[in-house]
Amino acid sequence: MMLYVKNISRIITVALFALLSLLPSNASATIVEGTVNSSKELNNFITHHVKDAHSWHIWGENKTQVNADGTVNVLSSTAIHIGLPVILIDNGLITANSDDFNELRWIEQDGDTTYYAQGKINETEYIMFHEKIYHLGSGLKLDEKGHPTNSRPLDFSLTQNVMSMLLSVVILMLLFLPAAKKYKKKGIVSAPTGRQNFLEIFVVFVRDEIAKPNIGEKKYARYMPYLLTIFFFIWLNNLLGLVPFFPGASNVSGNIAFTAVLAVITYLVTQFSGNKDYWKHILLPPVPKALYPIMIPVEIIGTLTKPFALTIRLFANITAGHIVVLAFMGIIFSAKNIGWAGLSVPMGLFISVLELLVAFLQAFIFTMLSALFIGTAVEEHSHH
Amino acid sequence: MDLIIPSEGLLFWTTIVFVILLVLLRKFAWKPILGAVQTREGNIQKALDSAKDAEERMNALTAQNEDLLKQAREERNVILREAKAAGESMVAEAKESAQKDADRILVSANEQIANERMKAVVELKNQVGKLSLEIAEKILKSELDDKAKQESLVNHLVEDVNLN
Amino acid sequence: MVIPAAIGAGLAVIGAGIGIGKIGGSAMEGIARQPEAAGKIQTAMIIAAALIEGVALFGVVVSMG
């Protein structure tokens, strides 16, 4: 993905503004962390923003000075961030705060300065490099690709994405529970009003446009709670990701872990709903018996590609949207000229509006394909 | 590459959060909302159905009314026609009976006239006979002197008297 | 290392672009011919486009690796 990021920003920044963006980076002077001085730093900046983080950065940056021994002094800071819980499983459960990684250090990587944080939790030294936690051991060692060779503890931290996801859960509850209560209290005789009406449109949309046509009139009702939940969960997280400031801006639905979990749940729901016809088609495909050793694995792999495609589709669409918006904004900083705002702001706005559509469309497609897969598993058809 | 390798922490928390969300929303949001929407749609369908039913009944009623009206009109026509026919037949009957009466009266009148005439003729005959007898007596009395004369007279009279 | 990846990703995107373009065009024709079936055609179009997009994204992701 970093290469992908590099591609996009190379195309945009290097091809269009090569002269302006190719500024030398100096590793031994005062550096304002979080600012962009080169296209490479822009890449890192964008990659950082579409990735998960152990603390929630709200705004501002640190003015730092790097020392020859690898340590970094923070000269001044306007940065505001929220330290989030760090939960590690490393010979037992270890809890800490992301602020415990308080020793800023730097390392040379591809001719650039890369920062990482070091911290001591329960007498064990850990380092956080590109938002991943490693054992310090005898220091940070990188392989030729730039990845640390240090061992890692299992990291179950409540990261920015987890927090953002919890926020979306709270918002969903605040949206739907009062509406549902209203139905219960006022009964069904009253015409729906306000929020109730707005939400009902989408609930009915999921039922009539997604569930009924794909699963069928008879069996759709069982899957409605699941389809409604993934639809609204994905849509809300997509929208929260488009909010450019706290508490939005997290790339939850563009994180492959998030999309993979939802896709795997869809896969499990599909397999557990599969009827006799569905399994017969996989385990006894209508081909000569001699081909079974080839066909059965192919059919089984065929079922696995579906959740994989769901995972990649949502992840790539949402992440690409974030990257394009950030790349347009990055033009201004990469070129160091406010005049570029004349181009990047309208283009960024255009992409943002497009992303509003994509936010809905991807939620719709994920739900729709889930319904379609479930539909093929519960469909009753006569074999020929 | 970092971006396409899912982190174990987010996998774990997403699973937990999603399952909790699904359970909560299913119980407290989707069930009441879907139930209410379905019930309302059922009610709307019912209302539409009953409206349609009412319309159908209205239509049936109107049709029935029209039928009744038509029937009544037909009945009236029949009655009128019958009345007319009855009147006509009555007039015809009356005419006929009047004719019959008239005929009968005429016939009896004629008969009476004929009878009266017969009576008159008989009377006349009787009178004439009597008169003739008287005349004959007188003549006989006067003529009996002359026998020849008597006989010629009687013959002559008899010839004359032979009226009828 | 970057250039071949970029070419691979670009080719995947070109393929997907042609595929989705064809689907969109055919859907338009279908809708023009049968406007009353627009809803069904759109749904089928979105599903087909999503499946093609999935393949293209595979290509992009693999070329990144």
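The values are calculated or read from the model by the stated rules, or taken from the named source; none is laboratory data. Bear in mind the structure is a predicted one, so any value in this text is a computation, not a measurement. Note that we place each Cβ from the backbone using ideal geometry, even for glycine, and neighbour counts take in every protein chain shown.
Okay, here's what the table says:
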{"quantity": "Per-region count, the stretch A:337-384, residues in contact (Cβ under 8 Å) with a residue 40 or more places away in the chain and either under 26 Å from A:G254 (Cα atoms) or within 14 Å of chain C (Cβ to nearest Cβ) (or both)", "calculated": "21"}
{"quantity": "Hey, B:I33 of a type outside the set (D, E, K, R) and within 14 Å of chain A (Cβ to nearest Cβ) or not", "calculated": "yes"}
{"quantity": "Where C:I31 falls short, out of the listed (1) surrounded by 17 or more Cβ atoms within 10 Å (Cβ to Cβ); (2) within 14 Å of chain A (Cβ to nearest Cβ); (3) free of Cβ contacts under 8 Å to residues at least 40 places away in the same chain", "calculated": "(2)"}
{"quantity": "Some residue of the stretch A:234-247 being within 14 Å of chain B (Cβ to nearest Cβ), surrounded by 24 or more Cβ atoms within 10 Å (Cβ to Cβ) and either part of a helix (DSSP H, G or I) or touching a residue at least 60 places away in the same chain (Cβ under 8 Å) (or both)", "calculated": "yes"}
{"quantity": "Pick from the stretch B:131-155, criterion among the acidic types (D, E) and assigned to a helix (DSSP H, G or I), ranking: modelled with the highest pLDDT", "calculated": "B:E134"}
{"quantity": "Check on A:Y223, in contact with a Lys or Arg (Cβ under 9 Å, 6 or more places away or on another chain), closer than 29 Å to B:E8 by Cα and more than 10 Å from chain B (Cβ to nearest Cβ)", "calculated": "no"}
{"quantity": "The stretch A:131-167, subset under 18 Å from A:V50 (Cα atoms) and not hydrophobic (A, V, I, L, M, F, W, C), residue surrounded by the most Cβ atoms within 10 Å (Cβ to Cβ)", "calculated": "A:T159"}
{"quantity": "Lone unmet requirement of (1) polar (S, T, N, Q); (2) closer than 19 Å to A:S151 by Cα; (3) modelled with pLDDT under 85 for A:T95", "calculated": "(3)"}
{"quantity": "Among the candidates B:A98, B:A94, B:A109, residue that is more than 32 Å from the chain's Cα centre (by Cα) and in a helix (DSSP H, G or I)", "calculated": "B:A109"}
{"quantity": "Conditions (1) buried (at least 23 other Cβ atoms within 10 Å of the Cβ); (2) in contact (Cβ under 8 Å) with a residue 24 or more places away in the chain; (3) under 24 Å from A:A316 (Cβ atoms); (4) β-branched (V, I, T); number of the one not met by A:V269", "calculated": "(1)"}
{"quantity": "Among residues of the stretch A:43-96, those that are loosely packed, with under 12 Cβ neighbours inside 10 Å and within 22 Å of A:I121 (Cβ to Cβ), counted", "calculated": "3"}
{"quantity": "Single match in A:F350, A:F360 (criterion: in contact with a helix residue (DSSP H, G or I) (Cβ under 7 Å, 6 or more places away or on another chain) and of a type in the set (F, W, Y))", "calculated": "A:F360"}
{"quantity": "Any chance A:V261 is more than 10 Å from chain B (Cβ to nearest Cβ), among the aliphatic types (A, V, I, L, M) and within 26 Å of the chain's Cα centre (by Cα)", "calculated": "no"}
{"quantity": "Test: residue in the stretch A:277-284 that is within 18 Å of A:T47 (Cα to Cα), touching a His at 6+ places or on another chain (Cβ under 7 Å) and not in a loop (DSSP other than H, G, I, E, B)", "calculated": "no"}
{"quantity": "Residue that is more than 8 Å from every other protein chain (Cβ to nearest Cβ), of a type in the set (G, A, S) and out of contact with any Ser or Thr (no Cβ under 6 Å at 6 or more places or on another chain), where the choices are A:S168, A:S164, A:S157", "calculated": "A:S168"}
{"quantity": "Residue among C:A56, C:A16 that alone is modelled with pLDDT of 90 or more, within 13 Å of another protein chain (Cβ to nearest Cβ) and either within 28 Å of B:I5 (Cβ to Cβ) or crowded, with 17+ Cβ neighbours inside 10 Å (or both)", "calculated": "C:A16"}
{"quantity": "Residues located in the stretch B:1-22, provided they are facing another protein chain (nearest Cβ under 9 Å) and either of a type in the set (V, I, T) or surrounded by fewer than 17 Cβ atoms within 10 Å (Cβ to Cβ) (or both)", "calculated": "B:M1, B:D2, B:I4, B:I5, B:E8, B:T14, B:T15, B:V17, B:V19, B:I20"}
{"quantity": "Options A:V298, A:V252; residue that is assigned to a helix (DSSP H, G or I), closer than 27 Å to C:A56 by Cβ and among the β-branched types (V, I, T)", "calculated": "A:V298"}
{"quantity": "Hits in the stretch A:183-209 (condition: over 19 Å from B:K27 (Cβ atoms), modelled with pLDDT of 75 or more and polar (S, T, N, Q))", "calculated": "A:N197"}
